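Heads up, the thing below is written out as structure tokens.
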Amino acid sequence: MKLGRVIGTVWSTRKDENLVGMKFLIVRDLNLDYSEKNSFTVAVDSVGAGVGEIVLYASGSSARQTVLTKNRPVDAVIMAIVDKLDVSVKQALESEE
Amino acid sequence: MKLGRVIGTVWSTRKDENLVGMKFLIVRDLNLDYSEKNSFTVAVDSVGAGVGEIVLYASGSSARQTVLTKNRPVDAVIMAIVDKLDVSVKQALESEE
Amino acid sequence: MKLGRVIGTVWSTRKDENLVGMKFLIVRDLNLDYSEKNSFTVAVDSVGAGVGEIVLYASGSSARQTVLTKNRPVDAVIMAIVDKLDVSVKQALESEE
Amino acid sequence: MKLGRVIGTVWSTRKDENLVGMKFLIVRDLNLDYSEKNSFTVAVDSVGAGVGEIVLYASGSSARQTVLTKNRPVDAVIMAIVDKLDVSVKQALESEE
Amino acid sequence: MKLGRVIGTVWSTRKDENLVGMKFLIVRDLNLDYSEKNSFTVAVDSVGAGVGEIVLYASGSSARQTVLTKNRPVDAVIMAIVDKLDVSVKQALESEE
């Protein structure tokens, strides 16, 4: 899974019939110190995540293993909201990509 | 899912028998401010997207979860046309990759 | 799907029993102006593509959705030979990665 | 599979119902000399790995092929703890990415 | 599939129960002239490949399409040993990534 922050929403009225009612969130990828990477993904939300929250998202076929996304054409799903990261000190001080 | 703009079409007469009648669109990947990335993909269209439109596309096995693409050898499908992005201001002002 | 040019063949006599009789082609990834990228992949051919031809190939589980590749340990398949690309002018003039 | 070192844990109380009781570990990707790459992933642990241990993890749908992760929305699983690497000398001396 | 050279072995006693008896090989990715890339993967061997041999490996769910790897948590499998590459001259002379 990847670590990200929800930073917005994608609005779409014309979409595949299997996607009606789904909410698409924009998730910015994060480093372990919560600084932002340049990359982002658009993910369906299965846990009620709001803008600003730190989340984990799963990609690929694994994104279809929630009740909400089963058999739907989605390749990313937010499956957990992060309370905190417990990283050993040595790692936390090192720079990231 | 990834954000992209439809910029063209791929024409092909010799293709796998499971692909007859499918339309292959060229999708340029976009940043959140709609500027273009260098990368692109070729995706099947399940929502009637036209050249110039901003879309979301799903990759991998998820691309086969539409009525049109089920059991077909395609690894990318346009599953939504984007009306607009709602991005929190702080994010929108930051530079992207 | 990705755009590529067939540039060669991989010869192999010792291979998984499910792969006997399959032809492995070397496909160089291409930009939209047909210039070559540095990356390449080895793909099974389901459409009779020859060296020099421009093709589309599908990756991952989608590569197993042809009669030839079903249930085989292959992760890339050439599923279409490209006649031509129709790219809007603005895009065609821009540089690519 | 990829080589990594467990460097921490992700705590999450609000998560998909299929993930209750699972432990999410932060895995830093490693080079063959155990030096660290910049990238990391969050993986479910199926082998009792602890912080500091060198592991192998599988990604994508393969991450769901353990008793623990079957049909769960997870895309990475630690499936082995590494005792040692046996690399031919020529390779070990070369620099890595 | 990707082209690689077997450069070593990963030893592991604590691993998922579905992996008992499997051999994990370290595969360095190669360019078409057999020069080495910086990247590597750890793959299960389904064809009896030895250290130093040039191989093809398949990734993702396709890695589970051999008798040995079916339903196992592995995401890369060596499915062919390469006898030789037949690359058109123009390509062979060009530099690679």
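The values are calculated or read from the model by the stated rules, or taken from the named source; none is laboratory data. None of these values were measured; they are calculated from a predicted model. In this analysis, Cβ positions are derived from the backbone assuming ideal geometry, glycine residues included, and neighbour counts consider all displayed protein chains. We work out accessible area using only protein heavy atoms, side chains counted, and drop any ligands, DNA or RNA first. Shrake-Rupley method; radii C 1.70, N 1.55, O 1.52, S 1.80 Å.
Annotations for the structure displayed:
- Highest-MSF residue in chain C out of C:ASP83, C:ASP29, C:ASP45 [GNM, Cα springs under 10 Å]: C:ASP83
- Distant-in-sequence amide H partners of C:ALA49 (H built 1.01 Å from N, under 5 Å): none
- Cα-projected label distance for A:GLU17 with C:GLU17, points at 7 Å along beta-carbon direction, nm: 4.3
- Difference of contour (0.36 nm per residue) and Cα-Cα distance, C:SER88 to C:LYS70: 2.9 nm
- Whole-Hz ³J(HN,Hα) from phi, Karplus 6.51 cos²θ - 1.76 cosθ + 1.60, for the range B:51-57, glycine and proline x: 4, x, 7, 8, 9, 10, 10
- For trypsin sites (Lys or Arg not before Pro), the sites in the range D:8-69 that DSSP calls loop and that have at most 14 other Cβ atoms within 10 Å are D:ARG14.
- Fraction of accessible area attributable to carbon and sulfur, the protein assembly as shown (%, probe 1.4 Å): 51
- B/A buried area, accessible surface, summed, 1.4 Å probe, Å²: 2600
- When both bridge partners sit in the range A:2-92, DSSP labels roughly 90% of those beta bridges antiparallel.
- Centre-to-centre separation between the Cα atoms of the range C:1-60 and those of the range A:1-80: 33 Å.
- In nanometres and ascending order, the distances from the B:LYS70 label point to those of the other copies are 1.6, 1.6, 2.6, 2.6 (point 7 Å from Cα along Cα→Cβ).
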